[in-house]
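Chemist: One structure coming up, written as structure tokens, with questions to follow.
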Amino acid sequence: MALPLQFKTSFLPLEINFLAENELITILPRVSMKSVELIGTNLPNLNAMRRQEIPLWLALILKAQDKCQIIPPIWLNVAYLKARYDEELEFPNRFSSLPWHWLELSKMLLTKASDDLTDAPHLIRSIIQDLREVRLVKSRKGLKELNEAYLQLDNLSLMEINEIRPYVAEVMDELKKLSDCVKKDDSMDMETNDYEEDENY
């Protein structure tokens, strides 16, 4: 069955989650393990109680087996996220700096490793929701200021860009057509004026 048109111009959320799972994250192993060669990556030697960076998908597997503790990213706490939220309010024309996969990573860690977080999960969920909403309002406001050649999307995450991409692409296509028509009319007017000047001469 063919995908609906709106899904052909963007990633599915599951596809973005799959990409996010390859992000590196720090763990604190509870057991020692020898290196294991896997398809696409190698699991390094793990020494108990010695920090190690591994892909998130692997960290979640070890976490589910109670073989490691996940060390939360430095940005996944109430204080850091609240500072980014305040920054969003203070500067309405720009987005605060957050990781490329901040939404997906925070959701996975809140769901599968909430006991490893430094702050209460419900407080982190609340500030993430506030942050997500204010950034969504700003991105929609940005759509109203589109032109046919340029759109400022600095610091938006992949998931946020993906959500507005179908609308952006459609609007920019229409603006491009309108711009081309205006240029064509201007060109015709110039040719007409040149012709009239030649006639008068």
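The values are calculated or read from the model by the stated rules, or taken from the named source; none is laboratory data. Everything numeric here is computed off the predicted structure, so don't read it as measured data. Here Cβ is always computed from backbone atoms with ideal geometry, including for glycine, and neighbour counts include all displayed protein chains.
Chemist: Among Leu89, Leu105, Leu98, which is assigned to a helix (DSSP H, G or I) and free of Cβ contacts under 8 Å to residues at least 60 places away in the same chain?
Modeler: Leu89
Chemist: Taking the condition on the phi < 0 side of the Ramachandran plot, assigned to a strand (DSSP E or B) and within 24 Å of the chain's Cα centre (by Cα), does Ile54 pass?
Modeler: yes
Chemist: Got at least one residue in the stretch 139-152 being touching a Gly at 6+ places or on another chain (Cβ under 9 Å) and either assigned to a strand (DSSP E or B) or outside the structural domain of Asn17 (by the TED database) (or both)?
Modeler: The answer is yes; a qualifying residue exists.
Chemist: Also: Among the residues of the stretch 71-79, are any surrounded by fewer than 12 Cβ atoms within 10 Å (Cβ to Cβ), in the same structural domain as Lys112 (by the TED database), within 16 Å of Asp130 (Cα to Cα) and under 19 Å from the mean Cα position of the chain (by Cα)?
Modeler: Within the stretch 71-79, not a single residue is surrounded by fewer than 12 Cβ atoms within 10 Å (Cβ to Cβ), in the same structural domain as Lys112 (by the TED database), within 16 Å of Asp130 (Cα to Cα) and under 19 Å from the mean Cα position of the chain (by Cα).
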